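Data block below; observations after.
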Amino acid sequence: MEYIEFFDEGTTDPALLGGKGSSLIKLMQIGIRVPPGFILKANSYKTFLDESENSEQLKELLKTELSIKKVLHFSKSVKQLIRSTRIPPKIEKQIKIGFKKLKKESGSQASYAVRSSATIEDTEAFSFAGQAKSYLYNYTFDEIILSVKKCWASLFSPTALFYILQMNKKGHKLSLLDIRMAVVIQKMVNAEISGVLFTSNVINNNNNEMMINSTWGLGETIANNMIIPDMFILNKKKFEIIKTVVGAKEKKSICNPKGSFTIIIDTEPKYQEICSLNQNQLKKLYDLGSTLEREFHSPQDIEWAIENDIIYTLQSRPITTLKKET
Amino acid sequence: MERIGEGLSCSSKSEAIGELVFVKTVEDVINLFDSATGKICLVEEAGTTTLGPILSDLSGVLCTTGSAGSHLAIVSREFGLPCVMGVRFNVKDLNTLNGKKCKIMTEEDDKGIVLIES
(Lines give C-alpha, C1' and ligand atoms only; values in the text may rest on other atoms or scores of the structure.)
Protein backbone atom coordinates (compact mmCIF):
# COMPACT_ATOMS: atom_id res chain seq x y z
CA MET A 1 0.00 0.00 0.00
CA GLU A 2 1.10 3.55 -0.66
CA TYR A 3 1.32 4.73 2.93
CA ILE A 4 1.65 1.65 5.09
CA GLU A 5 3.79 -1.45 5.07
CA PHE A 6 3.27 -4.56 7.18
CA PHE A 7 6.32 -6.06 8.86
CA ASP A 8 5.89 -9.27 6.90
CA GLU A 9 5.74 -7.57 3.52
CA GLY A 10 9.45 -7.65 3.10
CA THR A 11 10.97 -4.38 1.85
CA THR A 12 13.47 -2.60 4.08
CA ASP A 13 14.03 0.83 2.58
CA PRO A 14 15.22 3.04 5.47
CA ALA A 15 14.37 6.20 3.51
CA LEU A 16 10.70 5.21 3.58
CA LEU A 17 10.52 3.18 6.78
CA GLY A 18 13.03 5.02 8.95
CA GLY A 19 15.88 3.30 10.76
CA LYS A 20 13.72 1.62 13.39
CA GLY A 21 11.06 0.43 10.94
CA SER A 22 13.46 -1.07 8.45
CA SER A 23 15.46 -2.75 11.20
CA LEU A 24 12.28 -4.34 12.62
CA ILE A 25 11.45 -5.80 9.21
CA LYS A 26 15.01 -7.13 8.84
CA LEU A 27 14.76 -8.69 12.31
CA MET A 28 11.54 -10.40 11.39
CA GLN A 29 13.05 -11.69 8.15
CA ILE A 30 15.88 -13.40 9.97
CA GLY A 31 13.49 -15.10 12.37
CA ILE A 32 13.89 -12.88 15.44
CA ARG A 33 10.78 -12.51 17.60
CA VAL A 34 9.38 -9.02 17.01
CA PRO A 35 5.88 -7.95 18.11
CA PRO A 36 3.65 -7.77 15.00
CA GLY A 37 2.89 -4.42 13.45
CA PHE A 38 3.00 -2.12 10.47
CA ILE A 39 4.80 1.03 9.48
CA LEU A 40 3.28 4.30 8.43
CA LYS A 41 5.86 5.23 5.82
CA ALA A 42 7.74 8.50 5.68
CA ASN A 43 5.89 9.52 2.51
CA SER A 44 2.75 9.87 4.63
CA TYR A 45 4.45 12.55 6.69
CA LYS A 46 5.47 14.27 3.43
CA THR A 47 1.88 14.06 2.16
CA PHE A 48 0.70 15.46 5.49
CA LEU A 49 3.08 18.39 5.01
CA ASP A 50 2.08 18.88 1.36
CA GLU A 51 -1.65 18.23 1.36
CA SER A 52 -3.16 18.84 4.78
CA GLU A 53 -5.35 21.88 5.34
CA ASN A 54 -2.51 23.70 7.12
CA SER A 55 0.15 22.74 4.61
CA GLU A 56 1.24 26.25 3.62
CA GLN A 57 1.40 27.42 7.21
CA LEU A 58 3.40 24.37 8.25
CA LYS A 59 5.92 24.64 5.45
CA GLU A 60 6.36 28.35 6.01
CA LEU A 61 7.08 27.67 9.68
CA LEU A 62 9.64 24.98 8.86
CA LYS A 63 11.54 27.42 6.64
CA THR A 64 12.34 29.51 9.72
CA GLU A 65 16.04 30.02 10.28
CA LEU A 66 16.52 28.15 13.55
CA SER A 67 18.43 29.75 16.37
CA ILE A 68 19.01 28.68 19.92
CA LYS A 69 17.00 31.55 21.36
CA LYS A 70 13.96 30.70 19.24
CA VAL A 71 13.91 26.97 19.97
CA LEU A 72 11.32 26.82 22.76
CA HIS A 73 8.81 29.13 21.10
CA PHE A 74 9.36 27.57 17.69
CA SER A 75 8.98 24.03 19.02
CA LYS A 76 5.70 24.90 20.70
CA SER A 77 4.25 26.50 17.56
CA VAL A 78 5.14 23.58 15.28
CA LYS A 79 3.91 20.98 17.75
CA GLN A 80 0.57 22.76 18.23
CA LEU A 81 0.06 23.12 14.50
CA ILE A 82 0.86 19.47 13.76
CA ARG A 83 -1.37 18.18 16.53
CA SER A 84 -4.31 20.31 15.48
CA THR A 85 -4.06 19.44 11.79
CA ARG A 86 -6.13 16.59 10.41
CA ILE A 87 -4.23 13.79 8.71
CA PRO A 88 -5.41 13.61 5.05
CA PRO A 89 -8.30 11.09 4.80
CA LYS A 90 -6.49 8.88 2.26
CA ILE A 91 -3.72 8.28 4.85
CA GLU A 92 -6.15 7.82 7.73
CA LYS A 93 -7.99 5.23 5.67
CA GLN A 94 -4.85 3.14 5.25
CA ILE A 95 -3.94 3.42 8.93
CA LYS A 96 -7.44 2.10 9.64
CA ILE A 97 -6.84 -0.89 7.35
CA GLY A 98 -3.49 -1.60 9.03
CA PHE A 99 -4.94 -1.26 12.51
CA LYS A 100 -7.85 -3.57 11.71
CA LYS A 101 -5.50 -6.29 10.48
CA LEU A 102 -3.15 -5.85 13.44
CA LYS A 103 -6.05 -6.00 15.90
CA LYS A 104 -7.24 -9.22 14.34
CA GLU A 105 -3.78 -10.75 14.81
CA SER A 106 -3.29 -9.40 18.31
CA GLY A 107 -6.58 -10.24 20.05
CA SER A 108 -9.13 -8.07 21.82
CA GLN A 109 -7.05 -7.42 24.94
CA ALA A 110 -4.03 -6.07 23.09
CA SER A 111 -2.76 -2.53 23.13
CA TYR A 112 -0.36 -0.87 20.76
CA ALA A 113 2.87 1.08 20.77
CA VAL A 114 3.27 4.03 18.41
CA ARG A 115 6.99 4.59 17.87
CA SER A 116 8.80 7.21 15.85
CA SER A 117 11.20 6.03 13.18
CA ALA A 118 12.93 9.13 11.85
CA THR A 119 14.81 8.77 8.63
CA ILE A 120 17.89 10.39 10.14
CA GLU A 121 17.59 8.34 13.33
CA ASP A 122 19.78 5.32 14.03
CA THR A 123 21.94 5.49 10.97
CA GLU A 124 25.58 4.61 11.34
CA ALA A 125 26.56 8.27 11.41
CA PHE A 126 24.53 9.29 14.42
CA SER A 127 22.03 7.66 16.67
CA PHE A 128 19.69 10.65 17.15
CA ALA A 129 19.20 8.72 20.36
CA GLY A 130 16.12 9.66 22.29
CA GLN A 131 15.32 12.68 20.23
CA ALA A 132 12.04 11.36 18.87
CA LYS A 133 9.42 9.77 21.04
CA SER A 134 7.32 6.66 21.47
CA TYR A 135 3.77 6.53 22.81
CA LEU A 136 2.84 3.30 24.51
CA TYR A 137 -0.40 1.51 25.41
CA ASN A 138 -2.75 2.96 22.79
CA TYR A 139 -6.04 1.08 22.59
CA THR A 140 -8.28 2.85 20.09
CA PHE A 141 -7.93 4.09 16.54
CA ASP A 142 -8.33 7.70 17.71
CA GLU A 143 -5.54 7.25 20.26
CA ILE A 144 -3.31 5.86 17.52
CA ILE A 145 -4.02 8.80 15.21
CA LEU A 146 -3.20 11.28 17.98
CA SER A 147 -0.02 9.39 18.87
CA VAL A 148 1.06 9.38 15.20
CA LYS A 149 0.74 13.17 15.17
CA LYS A 150 2.61 13.37 18.47
CA CYS A 151 5.42 11.30 16.93
CA TRP A 152 5.63 13.64 13.94
CA ALA A 153 5.55 16.62 16.29
CA SER A 154 8.37 15.12 18.37
CA LEU A 155 10.68 15.77 15.40
CA PHE A 156 10.45 19.36 16.56
CA SER A 157 10.74 18.91 20.32
CA PRO A 158 13.31 21.26 21.88
CA THR A 159 15.59 18.26 22.37
CA ALA A 160 15.37 17.22 18.71
CA LEU A 161 15.86 20.81 17.52
CA PHE A 162 18.88 21.20 19.79
CA TYR A 163 20.36 18.04 18.33
CA ILE A 164 19.85 19.35 14.80
CA LEU A 165 21.40 22.72 15.72
CA GLN A 166 24.31 20.89 17.25
CA MET A 167 24.82 18.67 14.21
CA ASN A 168 24.72 21.72 11.94
CA LYS A 169 27.25 23.45 14.15
CA LYS A 170 29.49 20.44 13.48
CA GLY A 171 29.19 20.92 9.73
CA HIS A 172 26.20 18.72 8.84
CA LYS A 173 23.46 20.40 6.88
CA LEU A 174 20.16 19.18 8.24
CA SER A 175 17.16 21.26 7.19
CA LEU A 176 13.85 21.03 9.03
CA LEU A 177 12.09 20.60 5.70
CA ASP A 178 14.23 17.60 4.81
CA ILE A 179 13.58 15.57 7.92
CA ARG A 180 11.11 12.77 7.42
CA MET A 181 9.56 10.42 9.86
CA ALA A 182 8.00 7.01 9.52
CA VAL A 183 5.93 5.71 12.43
CA VAL A 184 5.87 2.16 13.72
CA ILE A 185 2.54 0.86 15.05
CA GLN A 186 3.13 -2.37 16.88
CA LYS A 187 1.54 -4.73 19.36
CA MET A 188 2.58 -3.71 22.85
CA VAL A 189 4.78 -6.05 24.87
CA ASN A 190 3.60 -5.99 28.50
CA ALA A 191 7.18 -6.07 29.65
CA GLU A 192 7.97 -7.50 33.05
CA ILE A 193 11.67 -6.84 32.39
CA SER A 194 13.27 -4.60 29.76
CA GLY A 195 16.66 -3.40 28.81
CA VAL A 196 19.43 -2.68 26.42
CA LEU A 197 22.04 -5.12 25.15
CA PHE A 198 25.24 -3.83 23.63
CA THR A 199 27.10 -6.58 21.80
CA SER A 200 30.36 -4.76 22.53
CA ASN A 201 31.26 -3.26 25.87
CA VAL A 202 30.71 0.43 25.07
CA ILE A 203 32.33 1.53 28.31
CA ASN A 204 35.82 0.29 27.58
CA ASN A 205 35.41 -0.39 23.83
CA ASN A 206 36.10 -4.06 24.50
CA ASN A 207 34.80 -6.06 21.58
CA ASN A 208 35.31 -9.33 23.45
CA GLU A 209 32.55 -8.44 25.91
CA MET A 210 28.82 -7.73 25.80
CA MET A 211 27.08 -5.31 28.15
CA ILE A 212 23.49 -5.47 29.36
CA ASN A 213 21.38 -2.98 31.30
CA SER A 214 18.08 -4.26 32.62
CA THR A 215 15.23 -3.25 34.89
CA TRP A 216 11.65 -4.10 35.90
CA GLY A 217 8.80 -2.87 33.72
CA LEU A 218 9.20 -0.93 30.50
CA GLY A 219 12.56 0.20 29.19
CA GLU A 220 11.92 3.94 29.06
CA THR A 221 13.30 4.36 32.58
CA ILE A 222 16.69 3.21 31.27
CA ALA A 223 16.69 5.23 28.07
CA ASN A 224 15.60 8.40 29.84
CA ASN A 225 18.10 8.23 32.72
CA MET A 226 15.37 7.83 35.32
CA ILE A 227 17.03 4.99 37.20
CA ILE A 228 20.23 3.11 37.78
CA PRO A 229 19.53 -0.28 36.16
CA ASP A 230 21.27 -3.61 36.73
CA MET A 231 24.41 -4.07 34.68
CA PHE A 232 25.98 -7.27 33.40
CA ILE A 233 29.22 -7.78 31.50
CA LEU A 234 29.39 -11.02 29.53
CA ASN A 235 32.23 -12.78 27.80
CA LYS A 236 31.40 -12.63 24.11
CA LYS A 237 33.41 -15.62 22.90
CA LYS A 238 31.77 -18.12 25.25
CA PHE A 239 28.79 -17.41 27.50
CA GLU A 240 30.10 -16.40 30.89
CA ILE A 241 28.99 -13.67 33.29
CA ILE A 242 32.08 -11.60 34.04
CA LYS A 243 30.44 -8.97 36.21
CA THR A 244 27.03 -8.27 37.79
CA VAL A 245 26.16 -4.94 39.37
CA VAL A 246 22.67 -4.66 40.87
CA GLY A 247 21.34 -1.14 40.33
CA ALA A 248 18.89 0.71 42.55
CA LYS A 249 15.95 0.54 40.08
CA GLU A 250 13.99 2.89 42.33
CA LYS A 251 11.25 3.55 39.80
CA LYS A 252 9.57 1.58 37.08
CA SER A 253 7.39 2.39 34.12
CA ILE A 254 4.19 0.41 33.74
CA CYS A 255 0.88 0.57 31.87
CA ASN A 256 -1.41 3.20 33.32
CA PRO A 257 -3.93 1.07 35.27
CA LYS A 258 -6.60 3.73 34.64
CA GLY A 259 -6.36 3.52 30.87
CA SER A 260 -3.94 4.38 28.11
CA PHE A 261 -0.24 5.29 28.15
CA THR A 262 2.27 4.72 30.94
CA ILE A 263 2.93 5.86 34.47
CA ILE A 264 6.06 5.84 36.62
CA ILE A 265 5.75 4.22 40.03
CA ASP A 266 8.15 3.36 42.84
CA THR A 267 9.60 -0.13 42.59
CA GLU A 268 8.65 -2.29 45.58
CA PRO A 269 11.69 -2.19 47.92
CA LYS A 270 12.44 -5.92 47.70
CA TYR A 271 12.53 -5.75 43.88
CA GLN A 272 15.01 -2.86 44.01
CA GLU A 273 17.52 -5.25 45.54
CA ILE A 274 16.81 -8.27 43.37
CA CYS A 275 18.65 -8.76 40.12
CA SER A 276 16.15 -8.32 37.27
CA LEU A 277 17.64 -11.08 35.06
CA ASN A 278 18.49 -14.70 35.88
CA GLN A 279 21.23 -16.76 34.30
CA ASN A 280 18.85 -18.45 31.88
CA GLN A 281 17.56 -15.10 30.61
CA LEU A 282 21.11 -13.77 30.33
CA LYS A 283 22.05 -16.78 28.21
CA LYS A 284 19.06 -16.16 25.93
CA LEU A 285 20.08 -12.51 25.56
CA TYR A 286 23.65 -13.56 24.85
CA ASP A 287 22.39 -15.85 22.08
CA LEU A 288 20.22 -13.05 20.70
CA GLY A 289 23.18 -10.65 20.68
CA SER A 290 25.45 -13.17 18.99
CA THR A 291 22.86 -13.82 16.28
CA LEU A 292 22.19 -10.15 15.60
CA GLU A 293 25.84 -9.17 15.47
CA ARG A 294 26.48 -11.99 13.02
CA GLU A 295 23.47 -11.10 10.85
CA PHE A 296 24.10 -7.35 10.79
CA HIS A 297 27.91 -7.65 10.52
CA SER A 298 28.59 -5.07 13.23
CA PRO A 299 28.23 -4.61 17.00
CA GLN A 300 24.60 -3.85 17.84
CA ASP A 301 22.70 -1.76 20.39
CA ILE A 302 19.56 -3.86 21.01
CA GLU A 303 16.40 -2.89 22.90
CA TRP A 304 14.51 -5.88 24.24
CA ALA A 305 11.61 -6.73 26.54
CA ILE A 306 10.54 -9.90 28.33
CA GLU A 307 6.91 -10.96 28.78
CA ASN A 308 6.09 -14.41 30.19
CA ASP A 309 9.77 -15.33 29.92
CA ILE A 310 9.78 -14.72 26.16
CA ILE A 311 12.26 -12.19 24.79
CA TYR A 312 11.00 -9.72 22.20
CA THR A 313 13.39 -7.56 20.23
CA LEU A 314 12.17 -3.99 19.91
CA GLN A 315 15.08 -2.50 18.01
CA SER A 316 18.59 -3.25 16.83
CA ARG A 317 20.91 -0.55 15.57
CA PRO A 318 24.63 -0.30 15.03
CA ILE A 319 26.64 0.97 18.00
CA THR A 320 27.73 4.42 16.87
CA THR A 321 30.54 5.04 19.29
CA LEU A 322 33.07 2.25 19.12
CA LYS A 323 36.58 3.31 18.41
CA LYS A 324 37.92 1.95 15.15
CA GLU A 325 41.02 0.33 16.60
CA THR A 326 39.10 -2.14 18.77
CA MET B 1 40.93 18.20 45.50
CA GLU B 2 38.22 16.54 47.57
CA ARG B 3 36.43 13.40 46.45
CA ILE B 4 32.68 14.05 46.54
CA GLY B 5 31.09 11.26 44.55
CA GLU B 6 31.39 8.20 42.39
CA GLY B 7 29.40 6.45 39.69
CA LEU B 8 29.64 4.52 36.48
CA SER B 9 32.16 5.88 34.02
CA CYS B 10 30.65 5.40 30.57
CA SER B 11 33.94 5.63 28.72
CA SER B 12 36.96 4.18 30.44
CA LYS B 13 40.34 5.91 30.76
CA SER B 14 38.61 9.27 30.54
CA GLU B 15 39.35 12.40 32.49
CA ALA B 16 38.04 15.96 32.44
CA ILE B 17 38.54 19.15 34.39
CA GLY B 18 36.23 22.13 34.27
CA GLU B 19 33.83 24.42 36.08
CA LEU B 20 30.83 22.47 37.35
CA VAL B 21 27.41 23.73 36.31
CA PHE B 22 24.22 22.24 37.70
CA VAL B 23 21.71 22.22 34.84
CA LYS B 24 18.04 21.85 35.74
CA THR B 25 15.98 23.30 32.93
CA VAL B 26 15.99 23.82 29.18
CA GLU B 27 16.42 27.53 29.91
CA ASP B 28 19.66 26.76 31.77
CA VAL B 29 20.90 25.01 28.62
CA ILE B 30 19.98 27.96 26.41
CA ASN B 31 21.76 30.36 28.77
CA LEU B 32 24.87 28.23 28.55
CA PHE B 33 24.82 28.05 24.76
CA ASP B 34 27.59 30.61 24.23
CA SER B 35 29.55 29.85 27.37
CA ALA B 36 29.54 26.08 27.70
CA THR B 37 33.10 25.54 26.52
CA GLY B 38 35.13 23.52 28.99
CA LYS B 39 32.37 23.17 31.57
CA ILE B 40 31.26 19.98 33.29
CA CYS B 41 27.48 19.74 33.45
CA LEU B 42 25.62 17.97 36.21
CA VAL B 43 22.06 16.85 35.51
CA GLU B 44 19.42 14.87 37.34
CA GLU B 45 17.34 12.07 35.81
CA ALA B 46 14.87 12.42 32.93
CA GLY B 47 14.99 14.72 29.96
CA THR B 48 18.71 15.16 30.17
CA THR B 49 19.37 14.76 26.48
CA THR B 50 18.40 18.44 26.31
CA LEU B 51 22.10 18.98 26.92
CA GLY B 52 22.27 18.39 23.16
CA PRO B 53 23.07 21.92 21.95
CA ILE B 54 26.01 22.39 24.27
CA LEU B 55 27.23 18.83 24.56
CA SER B 56 30.13 19.06 22.14
CA ASP B 57 31.43 22.19 23.89
CA LEU B 58 31.45 20.61 27.34
CA SER B 59 34.42 18.89 28.85
CA GLY B 60 32.37 16.35 30.79
CA VAL B 61 28.93 15.18 31.90
CA LEU B 62 27.66 13.97 35.28
CA CYS B 63 24.23 12.49 35.96
CA THR B 64 22.79 11.41 39.30
CA THR B 65 20.97 8.47 37.71
CA GLY B 66 21.30 6.48 34.50
CA SER B 67 23.70 3.98 33.05
CA ALA B 68 25.83 3.29 30.01
CA GLY B 69 22.62 2.40 28.16
CA SER B 70 20.98 5.81 28.78
CA HIS B 71 20.52 8.05 25.78
CA LEU B 72 22.62 10.71 27.50
CA ALA B 73 25.52 8.27 27.80
CA ILE B 74 25.14 7.16 24.19
CA VAL B 75 25.17 10.72 22.88
CA SER B 76 28.05 11.73 25.19
CA ARG B 77 30.11 8.86 23.81
CA GLU B 78 29.23 10.03 20.30
CA PHE B 79 30.87 13.33 21.15
CA GLY B 80 33.78 11.61 22.85
CA LEU B 81 32.93 13.17 26.21
CA PRO B 82 33.90 11.77 29.61
CA CYS B 83 30.59 10.91 31.25
CA VAL B 84 29.80 9.49 34.68
CA MET B 85 26.27 8.20 35.23
CA GLY B 86 24.47 7.20 38.41
CA VAL B 87 26.70 9.41 40.52
CA ARG B 88 26.19 9.10 44.27
CA PHE B 89 27.33 12.32 45.92
CA ASN B 90 28.33 12.68 49.53
CA VAL B 91 27.18 16.30 49.38
CA LYS B 92 23.71 17.22 50.67
CA ASP B 93 22.93 20.21 48.49
CA LEU B 94 24.17 19.84 44.94
CA ASN B 95 23.53 23.55 44.35
CA THR B 96 26.59 24.33 46.47
CA LEU B 97 28.75 22.70 43.79
CA ASN B 98 27.75 25.23 41.14
CA GLY B 99 30.72 27.18 39.79
CA LYS B 100 33.38 25.11 41.53
CA LYS B 101 36.36 23.59 39.78
CA CYS B 102 35.62 19.93 39.21
CA LYS B 103 37.54 16.93 38.01
CA ILE B 104 36.06 13.66 36.82
CA MET B 105 38.14 10.62 36.09
CA THR B 106 37.97 6.88 35.66
CA GLU B 107 39.45 5.18 38.69
CA GLU B 108 39.00 1.58 37.62
CA ASP B 109 37.61 0.06 34.46
CA ASP B 110 34.11 1.48 34.81
CA LYS B 111 34.24 3.38 38.08
CA GLY B 112 34.14 7.13 37.66
CA ILE B 113 34.95 9.50 40.49
CA VAL B 114 34.15 13.17 41.02
CA LEU B 115 36.54 15.56 42.74
CA ILE B 116 36.06 19.17 43.61
CA GLU B 117 38.34 22.00 44.65
CA SER B 118 37.33 22.87 48.19
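The values are calculated or read from the model by the stated rules, or taken from the named source; none is laboratory data. Not measured: the values here are computed from a predicted model. Backbone-built Cβ (ideal geometry, glycine too); neighbour counts: all protein chains shown.
Among all residue pairs at least 6 apart or on different chains, which show Cβ distances below 9 Å where the first residue, located in the stretch A:103-118, is more than 18 Å from A:Leu218 (Cβ to Cβ) and among the hydrophobic types (A, V, I, L, M, F, W, C) and the second is in a loop (DSSP other than H, G, I, E, B) and modelled with pLDDT under 95?
Partner pairs satisfying both residue conditions: A:Ala118/A:Phe128; A:Ala118/A:Gln131; A:Ala118/A:Ala132; A:Ala118/A:Leu155; A:Ala118/A:Ile179; A:Ala118/A:Arg180.
Collect the residues in the stretch B:108-118 that are away from every other protein chain (no Cβ under 13 Å) and at pLDDT 90 or above, keeping them in residue-number order.
B:Ile113, B:Val114, B:Leu115, B:Ile116, B:Glu117
Filter the stretch A:147-173 for residues that are within 21 Å of A:Leu49 (Cα to Cα) and surrounded by fewer than 17 Cβ atoms within 10 Å (Cβ to Cβ) and give the result.
First, the residues of the stretch A:147-173 that are within 21 Å of A:Leu49 (Cα to Cα): A:147-158, A:160-161, A:164, A:173.
Scanning the stretch A:147-173 gives a single hit, A:Lys173.
Assuming A:Gln281 fulfils every condition listed in (1) more than 14 Å from chain B (Cβ to nearest Cβ); (2) within 16 Å of A:Asp230 (Cβ to Cβ); (3) within 20 Å of the chain's Cα centre (by Cα) apart from one, which condition is it?
Every condition holds for A:Gln281 apart from (3).
Yes or no, residue by residue, for (1) touching a strand residue (DSSP E or B) at 6+ places or on another chain (Cβ under 8 Å); (2) crowded, with 24+ Cβ neighbours inside 10 Å; (3) of a type in the set (Asp, Glu); (4) farther than 21 Å from A:Ala191 by Cβ:
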{"site": "A:Asp13", "(1), (2), (3), (4)": "no, no, yes, yes"}
{"site": "A:Leu16", "(1), (2), (3), (4)": "yes, no, no, yes"}
{"site": "A:Lys20", "(1), (2), (3), (4)": "yes, yes, no, no"}
{"site": "A:Leu24", "(1), (2), (3), (4)": "yes, yes, no, no"}
{"site": "A:Ile32", "(1), (2), (3), (4)": "yes, no, no, no"}
{"site": "A:Pro35", "(1), (2), (3), (4)": "yes, no, no, no"}
{"site": "A:Asn43", "(1), (2), (3), (4)": "no, no, no, yes"}
{"site": "A:Thr47", "(1), (2), (3), (4)": "no, no, no, yes"}
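Does the stretch A:282-310 hold any residues that are surrounded by 19 or more Cβ atoms within 10 Å (Cβ to Cβ) and more than 21 Å from B:Ser76 (Cα to Cα), and which are they?
The initial filter retains those residues of the stretch A:282-310 that are surrounded by 19 or more Cβ atoms within 10 Å (Cβ to Cβ), namely A:282, A:285-286, A:288-289, A:292-293, A:299-306.
Once the filter is applied, which keeps residues that are surrounded by 19 or more Cβ atoms within 10 Å (Cβ to Cβ) and more than 21 Å from B:Ser76 (Cα to Cα), the stretch A:282-310 yields A:Leu282, A:Leu285, A:Tyr286, A:Leu288, A:Gly289, A:Leu292, A:Glu293, A:Trp304, A:Ala305, A:Ile306.
Going through the stretch A:45-67 one residue at a time, which ones are modelled with pLDDT of 90 or more and outside any helix (DSSP H, G or I)?
A:Ser52, A:Glu53, A:Asn54 - these are the residues of the stretch A:45-67 that are modelled with pLDDT of 90 or more and outside any helix (DSSP H, G or I).
Scan the stretch B:1-22 residue by residue and report those that are touching a helix residue (DSSP H, G or I) at 6+ places or on another chain (Cβ under 6 Å) and within 14 Å of chain A (Cβ to nearest Cβ).
B:Cys10, B:Ser11
Has the stretch B:90-107 got at least one residue that is within 14 Å of chain A (Cβ to nearest Cβ), hydroxyl-bearing (Ser, Thr, Tyr), crowded, with 18+ Cβ neighbours inside 10 Å and not in a loop (DSSP other than H, G, I, E, B)?
Checked the stretch B:90-107: at least one residue is within 14 Å of chain A (Cβ to nearest Cβ), hydroxyl-bearing (Ser, Thr, Tyr), crowded, with 18+ Cβ neighbours inside 10 Å and not in a loop (DSSP other than H, G, I, E, B).
Could you tell me whether any residue of the stretch A:265-284 is assigned to a helix (DSSP H, G or I) and hydrophobic (A, V, I, L, M, F, W, C)?
yes
Is it the case that some residue within the stretch A:251-267 is over 22 Å from the mean Cα position of the chain (by Cα) and within 12 Å of chain B (Cβ to nearest Cβ)?
no
This table checks each residue for (1) of a type in the set (A, V, I, L, M); (2) outside any helix (DSSP H, G or I); (3) away from every other protein chain (no Cβ under 14 Å).
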{"position": "A:Leu146", "(1), (2), (3)": "yes, no, yes"}
{"position": "A:Cys151", "(1), (2), (3)": "no, no, yes"}
{"position": "A:Leu161", "(1), (2), (3)": "yes, no, no"}
{"position": "A:Gln166", "(1), (2), (3)": "no, no, no"}
{"position": "A:Gly171", "(1), (2), (3)": "no, yes, no"}
